[in-house]
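Derivation of every value follows stated rules applied to the coordinates shown; laboratory data play no part. Quantities reported herein were computed from a predicted structural model and do not represent experimental measurements. All Cβ positions, glycine included, derive from the backbone under ideal geometry; neighbour counts span all protein chains shown.
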């Protein structure tokens, strides 16, 4: 019960932080034009949970320090910017991309239970990033590890 309450509290905090972070992106037509350094980097890198940003085609374009620490723990090379996440396995990759696209098509936050093949079971929150006319340009993903193998 305590673990469930902690997970719910973390999701609430993450949603609040992410919503405020996304507000900064609302005036941009293309996420690739956003300078991920400076203010954005400070917010993104200090999220209290692992997070990454993918473009419309589900290519990883940014990841925060917490996410890089998870990669280190899992023994996965940090050099995954520009990939779709093949390092997590083909089976997981298919689900990740399908869930990314679902969130972008829905246009609102969706929470999924996913699996990192051979590593862990995770709960991911996928929040679409929308341009000024409401079209999806990417997705912000945060997650918590539910069970480690």
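In plain terms, the residue of 135, 58 with the fewest other Cβ atoms within 10 Å comes first and the most crowded comes last, giving 135, 58. Annotation for residue 79 and residue 108: the two label points, set 7 Å from Cα along the Cα-Cβ direction, are 4.2 nm apart. If R0 equals 25 Å, the separation of the Cβ atoms of residue 91 and residue 45 corresponds to a calculated FRET efficiency of about 0.25.
Taking 0.36 nm per residue of separation and subtracting the Cα-Cα distance, what length does fully extending residue 69 through residue 121 add? Write out the running numbers ahead of the final one.
Working: separation 52, 0.36 × 52 = 18.72 nm, distance 1.68 nm.
Net length gain for the segment: 17.0 nm.
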